[in-house]
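Novice: The structure is given below, and queries will be raised subsequently.
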Amino acid sequence: MTERWLDEVEMRAWVAFLDTSNLLLQRINQQLREDGGLTQPQYELLTRLAEAPDQRMRMAELALALVTSRSGLTYQVSQLEKAGLVRREACASDDRGILAVLTADGQQALLKAAPGHLRVVRENLIDQLDRDQLVTLADTLGRARAHLRSTGNG
């Protein structure tokens with residue numbers, strides 16, 4: 001099978017996506033370290049727990065939501081547990097299941113980091129696009145995400 005190389009427009013789109021996502025994640029990580037002593041994966045983990053019913057999620061479900069391996073999630077939860085931001089509990093409905101639970105300190109860490117996180121995301125992405133561009137971006141990336149989730153482990 002002959003590989004179908006990217007044409008000029010496709011390459012521009014791909015490189016713009018890579019550069020933008022890398023630059024934005026760099027800025028987000030810097031802000032989160034400065035404002036809350038967190039990494040982006042830790043912030044996202046805390047956010048997912050904050051949005052979950054009773055601020056708790058099964059570890060396996062959380063790994064899928066965060067698009068990470070179970071071992072990667074275990075590492076992040078262990079770091080957050082040491083900091084007192086998350087705790088683990090046995091799942092009442094499944095002896096093998098473990099829940100990650102957001103603590104009061106975890107909620108406070110999230111509240112401390114959230115305004116700066118919002119500012120970085122707004123200044124560097126959201127406010128750079130008009131409403132139609134945001135809808136197109138959301139639809140386009142949503143379609144790619146759905147494809148990736150349906151064809152792989154995510």
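The values are calculated or read from the model by the stated rules, or taken from the named source; none is laboratory data. The shown structure was predicted, so the numbers you read here are calculated from the model rather than taken from an experiment. With ideal geometry, Cβ positions are generated from the backbone for all residues, glycine too; neighbour counts draw on all protein chains shown. Surface accessibility is based on the protein's heavy atoms, side chains included, excluding ligands, DNA and RNA. Shrake-Rupley method; radii C 1.70, N 1.55, O 1.52, S 1.80 Å.
Per-residue answers, yes or no, for (1) acidic (Asp, Glu); (2) within 25 Å of residue 62 (Cα to Cα):
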position: 2; (1), (2): no, no
position: 10; (1), (2): yes, no
position: 17; (1), (2): no, no
position: 21; (1), (2): no, yes
position: 26; (1), (2): no, yes
position: 31; (1), (2): no, yes
position: 35; (1), (2): yes, yes
position: 39; (1), (2): no, yes
position: 46; (1), (2): no, yes
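Conditions tested, residue by residue: (1) in contact with a strand residue (DSSP E or B) (Cβ under 8 Å, 6 or more places away or on another chain); (2) assigned to a helix (DSSP H, G or I); (3) without any contact (Cβ under 8 Å) to a residue 24 or more places away in the chain; (4) under 23 Å from residue 144 (Cβ atoms).
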{"position": "24", "(1), (2), (3), (4)": "no, yes, no, yes"}
{"position": "34", "(1), (2), (3), (4)": "no, yes, no, no"}
{"position": "38", "(1), (2), (3), (4)": "no, no, no, no"}
{"position": "78", "(1), (2), (3), (4)": "no, yes, yes, no"}
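Novice: In the list 73, 141, 99, which residue meets the criterion of being under 15 Å from the mean Cα position of the chain (by Cα) and open to solvent by less than 30 Å² (accessible area, probe 1.4 Å)?
Specialist: Only one candidate passes the filter, namely 73.
Novice: Restricting to segment 17-57, name every residue that is open to solvent by 50 Å² or more (accessible area, probe 1.4 Å) and of a type in the set (A, V, I, L, M, F, W, C).
Specialist: Correct list: 17, 18, 23, 25.
Novice: May I ask you to say which residue of 151, 140, 103, 136 is more than 18 Å from residue 66 (Cβ to Cβ), in contact with a strand residue (DSSP E or B) (Cβ under 8 Å, 6 or more places away or on another chain) and without any contact (Cβ under 8 Å) to a residue 40 or more places away in the chain?
Specialist: None of the other options fit; the residue is 103.
Novice: Quick one: residue 92 ticks every box in (1) in contact with a Lys or Arg (Cβ under 7 Å, 6 or more places away or on another chain); (2) small (Gly, Ala, Ser); (3) at pLDDT below 95 except a single one, so which number is it?
Specialist: Going through the list (1) in contact with a Lys or Arg (Cβ under 7 Å, 6 or more places away or on another chain); (2) small (Gly, Ala, Ser); (3) at pLDDT below 95, residue 92 breaks only (1).
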